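Enquirer: My structure is below; once you've seen it, I'll send some questions.
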Amino acid sequence: MIGGVAWSTVGDLLLRHIYLAGVPLLLGLLISLPLGWLATRYRWLAPPMIAGTGLLYTIPSLALFILLPLLLGTRVLDDANVLVAMTLYSVALLTRTVADGLGSVPGATRQAATAMGYGELRRTFVVDLPLAVPVITAGLRVAAVSNVSIVSVAALIGVSQLGQLFTEGFNRNDMGPIFVGIGACVVLALVLDAGIALLSRVLTPWLRAGVAR
Amino acid sequence: MISLTWQWLVDPATWTGPGGIISQSITHLRISLVALLLAALVAVPVGLFIGHTGRGRWLAINLAGAFRAIPSLGVLFVATLLLLPRLSGNLAFELPVVLVLVLLAVPPVLSGTYAGVEAVDPAARDAARGVGMTEAQILWQVELPAALPLLLSGLRSAMLQIIATATIAAIVGIGGLGRYLIDGQASRQYEVMAGGAIVVALLALLVDLVMAGLQRLVVSPGLVVAKEH
Amino acid sequence: MRRTAVITLALSATLGLAACGGGEDPMDTGGDSDAGASGGDDAGSITIGSANFPENELLAEIYAAALSDAGVDVDTQLNIGSREAYIAGIQDGSIDALPEYTGGLATYLNPEITATSSEDVLADLQENLPDDLEVLEISDAEDKDSLVVTSETAEELDLTTIGDLEEHAGDLTLGGPPEFETRPNGVDGLQEVYGLEFAGFRSLAAGANLTVQSLANGQVDVANIFTTNPAIEENDFVVLEDPESLFAAQNVVPLIRADAVNPTIEETLNEVSAALNTENLTSMMVQVQTEGQDPAEVAREFVDENL
């Protein structure tokens, strides 16, 4: 027991939280990669696309969680509502990041790749994308942390995850479960943050080589 | 659904009166601005100090990261349970909400500020020292103006988050545009919820535009010219 | 624990997906084919839901414990929200059954309802219930809406009944869940039946505890709180009498989707209803809310002792 909550309960809610925050992060990245690429490839697309996806972020999460069943035809308590909402928020944060990352690749590097006979698609995957990794993972870290926080609001619509400890503690006038929930959320967010930072290091060995010299 | 939402939005009765959009927007903005100001009061001096001295940067980055990770709903509930018995009147409901929003706003303002100061051209700093400016003068007359664009960007993104998040205030019983979300859900008037969500997004957009305009006004023309060259 | 059950199920479903690529829980697949083949002694499966207040959660746990003892495969999805939210959930199949209150549900289905006694309310309820939903037998346990004031306020303004508020209402703030503002037997009913016009209504969406705290701390003067809430006694609140029966009878009753009922489930839930009364419900609520015991454990104890 911790703060009046069984450890197994915390563990179960934590797994649910990871699922509801993590899957949309990956989906969001998958959607943002082509969007961000389009925004760098066709410059005129960038302002409306970045403003448009950014606008998604201003929709209050509670509204999105409740209104999505009406728009998607899903059931009110389906995880899908939360997954879709969180994916939208991830796209809102990541499209700009991907565009910035791809845009940060030096023109000379691109030209060199083209001169070596790389086609556009190959260059994007083999040259641009790896070089954009530091910028993209920086955005991914922000999105991961923000997802963990926003998912907890889904407790207000009865989808179980760590946020459920907030509503339960509040209803019982007991701060124990609320503190346990906050603690677990913060730890989860920091672990995800550190994990992505580590991944970024692993994916960009050339950056460390540069420092070493 | 869409036409019902539209009808709700264009009905003049929706906008006026004590529970109308105009009055709820004012409450919403008031709470948001108070939170932004308080956050700036904390984060800007700290950010300037870190940017100027280079000290405590690691701590600030990690602290800002941890702040971002704190779930707003949990803090709101803890703060409400703690403050409700200790305060009277409306303040007992508003202070917990403001606290949550301040926590939310500190990281972007802090990182905007120190990143802005750090990005100041070292040559400008050296030149200021060269002409005999004190450290305080350098901070106020060189670094702060030069850091303004990034600082204001930090304030803008903080404000966007504040306005969207201030809607959860409605669950602990205070006004603002969140009322439409909470009361709309409770009474199954989804068009009210959808309309409310649209108004929140529009308000966020409007405030962002105003802040973008301000940013243009207060940023030294010297910086803009320098960037264009 | 119920959450453990839900999550283990969710997890095993995920693992099942990975393992056999069928997208179905291996155990479920077995259960389904059994049901198809032998039918008879299969006690079936059910998902029990609850509204977002502790008593309803406790009742849902009692249903879950009793059904699970009867051999039914029970899943729980608690803390869903207001009636508006969970009725949608039961109709779309997110959940199969949950503890309801006759008066609240009847008024929800028929805002024009005039019945107030237990029998009349039940009759009205059954008449207006959609075809896809059923209520089983009602219990004696009753948890009514009420208007509550602090003992100081009651003394100072000399209040015993809701009607006594009439000359003071203009100076008082009413607090309650947001739906109380729009329900026919909420703010509107208070005005129509008792002629009360409060200075304002504070919508307190985060649950009954927020309402209790707001009343205790003077942020609201009159509050809409359920009668079995142990906080009433703890805080020495005064429940105002309702001589005009604005608040209808509220017997606890299982609401279930018609296609989820089977004889085992029906019989078990009716036994639960027979065992429940306002007294034992209130004392269980003291265990949960005042003593902070786990609702699932309190429910388990009740089922072991009474069924």
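The values are calculated or read from the model by the stated rules, or taken from the named source; none is laboratory data. Predicted model, so just to flag it, every value in this text is computed and none were measured. All Cβ positions, glycine included, derive from the backbone under ideal geometry; neighbour counts span all protein chains shown.
Enquirer: Can you pull out the residues in region B:84-96 that are touching a Leu at 6+ places or on another chain (Cβ under 7 Å), under 17 Å from residue C:212 (Cβ atoms) and assigned to a helix (DSSP H, G or I)?
Expert: B:92, B:96 - these are the residues of region B:84-96 that are touching a Leu at 6+ places or on another chain (Cβ under 7 Å), under 17 Å from residue C:212 (Cβ atoms) and assigned to a helix (DSSP H, G or I).
Enquirer: Being modelled with pLDDT of 90 or more and over 20 Å from the mean Cα position of the chain (by Cα) narrows it down to one of A:80, A:99, A:113, A:85, so name that one.
Expert: It is A:113.
Enquirer: Residue by residue through region C:209-258, note down the ones that are more than 14 Å from chain B (Cβ to nearest Cβ), of a type in the set (S, T, N, Q) and over 17 Å from the mean Cα position of the chain (by Cα).
Expert: Hit for region C:209-258 is C:245, nothing else.
Enquirer: What residue, among those in region C:105-154 that are of a type in the set (Gly, Ala, Ser) and modelled with pLDDT under 90, is surrounded by the most Cβ atoms within 10 Å (Cβ to Cβ)?
Expert: Looking at the filtered set, the residue picked out is C:115.
Enquirer: Something else about it: Take the residues in region C:176-219 that are within 19 Å of residue B:170 (Cα to Cα) and among the aromatic types (Phe, Trp, Tyr), then tell me which one is surrounded by the most Cβ atoms within 10 Å (Cβ to Cβ).
Expert: For region C:176-219, the residue satisfying everything is C:180.
Enquirer: Mind listing whichever residues of region C:191-208 are away from chain B (no Cβ under 14 Å) and either among the small types (Gly, Ala, Ser) or in contact (Cβ under 8 Å) with a residue 40 or more places away in the chain (or both)?
Expert: Hits for region C:191-208 are C:193, C:194, C:195.
Enquirer: Here is a list: B:110, B:101, B:63, B:59. Which entry is in a helix (DSSP H, G or I), under 30 Å from residue A:21 (Cα atoms) and over 21 Å from the mean Cα position of the chain (by Cα)?
Expert: B:59
Enquirer: Another one. Just the residues that are under 17 Å from residue C:185 (Cα atoms) and of a type in the set (A, V, I, L, M), please, taken from region C:123-168.
Expert: Listed by number, the residues that qualify are C:125, C:147, C:148, C:162, C:165.
Enquirer: Follow-up question, since we're still on this one. Out of (1) touching a residue at least 60 places away in the same chain (Cβ under 8 Å); (2) within 30 Å of residue A:59 (Cβ to Cβ), the odd one out for residue B:147 is which?
Expert: Condition (2) is where residue B:147 drops out.
Enquirer: Right, here's the next one. Of the numbered conditions (1) within 14 Å of chain A (Cβ to nearest Cβ); (2) surrounded by fewer than 24 Cβ atoms within 10 Å (Cβ to Cβ); (3) modelled with pLDDT of 90 or more, residue B:176 fails exactly one; give the number of that condition.
Expert: (2)
Enquirer: Tell me, which residue of region B:66-83 that is assigned to a helix (DSSP H, G or I), under 13 Å from residue B:105 (Cα atoms) and aliphatic (A, V, I, L, M) is farthest from the other protein chains (Cβ to nearest Cβ)?
Expert: The qualifying residue farthest from the other protein chains (Cβ to nearest Cβ) is B:66.
Enquirer: Also: Would you confirm whether or not region C:149-164 contains a residue that is within 14 Å of another protein chain (Cβ to nearest Cβ) and part of a strand (DSSP E or B)?
Expert: Yes: one or more hits.
Enquirer: Hey, among the residues in region B:1-29 that are exposed (fewer than 14 other Cβ atoms within 10 Å of the Cβ) and not in a loop (DSSP other than H, G, I, E, B), which one's modelled with the lowest pLDDT?
Expert: Looking at the filtered set, the residue picked out is B:2.
Enquirer: Considering only residues of region C:277-300 that are at pLDDT 95 or above and among the aliphatic types (A, V, I, L, M), which is surrounded by the fewest Cβ atoms within 10 Å (Cβ to Cβ)?
Expert: Of everything passing the filter in region C:277-300, C:298 is surrounded by the fewest Cβ atoms within 10 Å (Cβ to Cβ).
Enquirer: If you take the residues in region B:192-229 that are more than 10 Å from chain A (Cβ to nearest Cβ) and more than 24 Å from residue A:51 (Cβ to Cβ), which one is modelled with the highest pLDDT?
Expert: Among those residues, the one meeting the criterion is B:192.
Enquirer: Looking at the structure I just gave you, is residue B:144 part of a helix (DSSP H, G or I), touching a Gly at 6+ places or on another chain (Cβ under 7 Å) and surrounded by fewer than 24 Cβ atoms within 10 Å (Cβ to Cβ)?
Expert: no
Enquirer: Let me ask something else about it. Give region C:178-209 a look and list any residue that's over 12 Å from residue C:222 (Cβ atoms) and among the aliphatic types (A, V, I, L, M), or say none.
Expert: C:193, C:204, C:205, C:206, C:208
Enquirer: If you don't mind, another one. Among (1) more than 22 Å from residue C:287 (Cα to Cα); (2) in a strand (DSSP E or B), there is one condition residue C:186 misses while meeting the rest; what is its number?
Expert: Going through (1) more than 22 Å from residue C:287 (Cα to Cα); (2) in a strand (DSSP E or B) one by one, residue C:186 breaks only (2).
Enquirer: Given region A:95-213, what helices (runs of 4 or more DSSP H) lie entirely inside it while holding 2 or more residues that are buried (at least 19 other Cβ atoms within 10 Å of the Cβ)?
Expert: Here the list reads A:129-151, A:163-171, A:175-203.
Enquirer: What residue, among those in region B:159-173 that are within 7 Å of chain C (Cβ to nearest Cβ) and part of a helix (DSSP H, G or I), is nearest to residue C:80 (Cα to Cα)?
Expert: B:171
Enquirer: Consider residue B:211 against the criteria (1) within 30 Å of residue B:46 (Cβ to Cβ); (2) outside any helix (DSSP H, G or I); (3) not hydroxyl-bearing (Ser, Thr, Tyr): it satisfies all of them except one. Which criterion is unmet?
Expert: (2)
Enquirer: Which members of region C:280-293 meet the condition of being in contact (Cβ under 8 Å) with a residue 40 or more places away in the chain and not aliphatic (A, V, I, L, M)?
Expert: Once the filter is applied, which keeps residues that are in contact (Cβ under 8 Å) with a residue 40 or more places away in the chain and not aliphatic (A, V, I, L, M), region C:280-293 yields C:280, C:282, C:289, C:290.
Enquirer: Checking residue C:98 against (1) in contact with a Phe, Trp or Tyr (Cβ under 7 Å, 6 or more places away or on another chain); (2) crowded, with 23+ Cβ neighbours inside 10 Å; (3) away from every other protein chain (no Cβ under 13 Å), which single condition isn't satisfied?
Expert: (3)
Enquirer: Of everything in region C:220-261, what is charged (D, E, K, R) and either surrounded by fewer than 19 Cβ atoms within 10 Å (Cβ to Cβ) or closer than 29 Å to residue C:137 by Cβ (or both)? Give them in sequence order.
Expert: C:233, C:234, C:236, C:241, C:242, C:244, C:257, C:259
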